[in-house]
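Colleague: Following this message is one structure expressed as structure tokens.
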Amino acid sequence: MVLERRIVDEFGAAAAVTHVVVSDKLKRTMKVLFGLATGAYIVSDAWVFSSLEAKMWLDESPFLVTEYPAVSKKVQYAVRL
């Protein structure tokens, strides 16, 4: 059995994005932020591996990423008007 999937690497296909898969080292990338803004599931890569093992797409709930790292205090922004 082959699990149907499509990997999107550009923001132009945003309407088709349903899931954003992240590793254990979650970073605030544009893809993650875009996924949050569009209501996509943000899931750990364990969801993909477990689904492949089960030969079916599993429920996302146990694999949802719900905690995000704090913004580094080392980063400083300068605002010019």
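Colleague: Which ³J(HN,Hα) values in Hz, rounded to whole numbers, follow from the phi angles of region 61-67 under the Karplus curve 6.51 cos²θ - 1.76 cosθ + 1.60, where θ = phi - 60° and Gly and Pro get x?
Modeller: 3J(HN,Hα) across region 61-67, in whole Hz: 3, x, 10, 5, 8, 10, 10.
Colleague: If packing is taken as the average count of other Cβ atoms within 10 Å, what order do 51-57, 32-38 fall into, highest mean first?
Modeller: Ranked from most to least packed, the peptides come out as 32-38, 51-57.
Colleague: Determine ³J(HN,Hα), in whole Hz, for all residues of region 29-44 in sequence, where each value follows from phi through the Karplus function 6.51 cos²θ - 1.76 cosθ + 1.60 and θ = phi - 60°; x replaces Gly and Pro.
Modeller: With coefficients 6.51, -1.76 and 1.60, one gets 8, 4, 5, 5, 5, 5, x, 4, 5, 9, x, 6, 5, 9, 10, 6 Hz.
Colleague: Once you have the Cα-Cα distance between Leu36 and Glu53, take 0.36 nm times their residue separation minus that, and quote the gain in nm to one decimal.
Modeller: 3.4 nm
Colleague: Still on this structure, I have one more. Quick one: which residues, 5 or more positions from Ile42 or on another chain, have an amide H under 5 Å from its amide H? H modelled 1.01 Å from N in the peptide plane, none for Pro or chain starts.
Modeller: Correct list: Val20, Val65.
Bear in mind that the values in this text are calculations on the coordinates, not laboratory data. The structure presented is a predicted model; accordingly, all values stated were derived computationally and were not measured. Methodologically, a virtual Cβ is constructed for each residue, glycine included, from the backbone with ideal geometry; neighbour enumeration extends over all protein chains shown.
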